[in-house]
Amino acid sequence: MKVAIDASVCDGKGYCKRFAPEVFGLDEWGYGKVLVEEVPPEQEANARAAVEACPLQAIRTA
Ligand code: SF4
């Protein structure tokens with residue numbers, strides 16, 4: 001599973017980091033950033049929870 005954040009949509013609420021802190025962080029401006037593009041299997045559940053939690057559907061998966 002791969003993840004990416006659409007920076008044109010993200011408004012920095014930080015839910016992604018809260019739900020999957022090993023996959024998502026926040027950049028110096030407080031916007032979401034991907035820490036590991038290729039999500040390890042043991043982190044997939046958290047990553048999917050972050051996708052669901054993002055209020056703007058800014059996280060894409062592949
Ligand atoms: S939860 Fe969504 S809107 Fe919030 S920081 Fe993460 S990607 Fe951006």
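The values are calculated or read from the model by the stated rules, or taken from the named source; none is laboratory data. Quick caveat, the model's predicted, so the values are computed rather than measured. Don't worry about glycine lacking a Cβ; one is built from the backbone with ideal geometry, like all the others, and counts go over all protein chains shown. Just so you know, the surface numbers come from the protein's heavy atoms only, side chains and all, with ligands and any DNA or RNA stripped out. Shrake-Rupley method; radii C 1.70, N 1.55, O 1.52, S 1.80 Å.
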Is there any pair linking a residue in the range 51-62 that is more than 12 Å from V34 (Cα to Cα) to one that is near the ligand (Cβ under 10 Å from one of its atoms) and at pLDDT below 95, with Cβ under 8 Å and at least six apart or on different chains, and which? C54/K13; P55/K13; L56/K13
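For the subset of the range 39-55 comprising residues that are in a loop (DSSP other than H, G, I, E, B) and more than 12 Å from G14 (Cβ to Cβ), which member is farthest from the ligand (Cβ to nearest atom)?
Filtering the range 39-55 down to residues in a loop (DSSP other than H, G, I, E, B) leaves 39-40, 54-55.
Right, trim to more than 12 Å from G14 (Cβ to Cβ) and you get 39-40.
On the way: V39: 14, P40: 19 Å.
Out of the qualifying residues, it is P40.
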Just to be sure I understand the filter: pairs with C-beta atoms under 8 Å, separated by 6 or more residues or on different chains, first member in the range 24-48 and at negative phi, second member open to solvent by 60 Å² or more (accessible area, probe 1.4 Å) and acidic (D, E). Which pairs pass? Y31/D11; L35/E22; V36/E22; Q43/E22; N46/E22
Kindly indicate the residue of the range 17-33 that is closer than 13 Å to V3 by Cβ and part of a loop (DSSP other than H, G, I, E, B) and also farthest from the ligand (Cβ to nearest atom) among those meeting that condition. E22
Does P21 meet the test of being modelled with pLDDT of 95 or more and open to solvent by 70 Å² or more (accessible area, probe 1.4 Å)? yes
Apart from one, (1) within 9 Å of the ligand (Cβ to nearest atom); (2) part of a loop (DSSP other than H, G, I, E, B); (3) open to solvent by 30 Å² or more (accessible area, probe 1.4 Å) all hold for V36; the odd one out is (1)
